[in-house]
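Chemist: What follows is a single structure, and I will ask about it in a moment.
Values quoted throughout were computed directly from the atomic coordinates according to the rules given, and no laboratory measurement underlies them. Since this is a predicted model, take the numbers as computed values, not measurements. With ideal geometry, Cβ positions are generated from the backbone for all residues, glycine too; neighbour counts draw on all protein chains shown.
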């Protein structure tokens, strides 16, 4: 197959997935479920919302699989081109490791209920990973600010050295 046919198939596939998603969103947004007059709550529920969410989840999984596949294919075709992104991925993973090491898994006293129990979802593992996410955000903000400042200083030095 030539590039035009592959491009046409890809475009039609994306448009088909888009149309299916729009239809599912439309179906999920309008409901004709019976509402209780006293409580104003739904008496019956519809599965259209969960269907739309499941569809979106599978689209994300499919997109991630395609991204991984095409990335591997690009690496096989031209491995030298992957050196710079590989360095970026390694640096990101190192920063993630630092954030994980800095994060605490201690249960926060303010989150303990009055009866001395904690929420069922608040485990040491979940606290460690949420702390990692917060620390990683701080680290990435600091790195971004440092990169912006360094770029500004280097640009100013180039500007003044050329005159």
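Chemist: Using only the Cα atoms of segment 48-133, what do you get for the radius of gyration and for Dmax, in Å?
Modeler: When restricted to Cα atoms, segment 48-133 yields Rg and Dmax of 19.9, 61 Å.
Chemist: Looking only at 94, 143, 14, which one moves most when the chain is put into a Gaussian network model with springs between Cα atoms under 10 Å?
Modeler: 14
Chemist: Compute the FRET efficiency between residue 18 and residue 81 as 1/(1 + (r/R0)^6), taking r as their Cβ-Cβ distance and R0 = 41 Å, and round to the nearest 0.05.
Modeler: Efficiency computed from Cβ-Cβ geometry: 0.85.
Chemist: Quote the FRET efficiency, to the nearest 0.05, computed for residue 148 versus residue 67 with a Förster distance R0 of 25 Å and r equal to the Cβ-Cβ distance.
Modeler: Efficiency, from the Cβ-Cβ distance: 0.35.
Chemist: Still on this structure, please answer the following. Can you tell me, using C-alpha contacts under 8 Å and at least 6 residues apart, the relative contact order of the chain as a whole percent?
Modeler: Contact order relative to length: 13 percent.
Chemist: Oh, and also: Helix-only mean residue ellipticity at 222 nm, the chain, DSSP H runs n ≥ 4 weighted -39,500 (n - 2.57), per residue, nearest 500. What is it?
Modeler: -25500 deg cm²/dmol
Chemist: Now for a different question. If R0 is 41 Å, what FRET efficiency do you get for residue 56 and residue 160 from their C-beta distance, rounded to 0.05?
Modeler: Rounded to the nearest 0.05, the efficiency is 0.20.
Chemist: Shape verdict for the chain, please, from the Cα gyration tensor: rounded (a/c under 1.5), prolate (a/b greater than b/c) or oblate.
Modeler: Because a/c hits 1.5 or more and a/b fails to exceed b/c, the chain counts as oblate.
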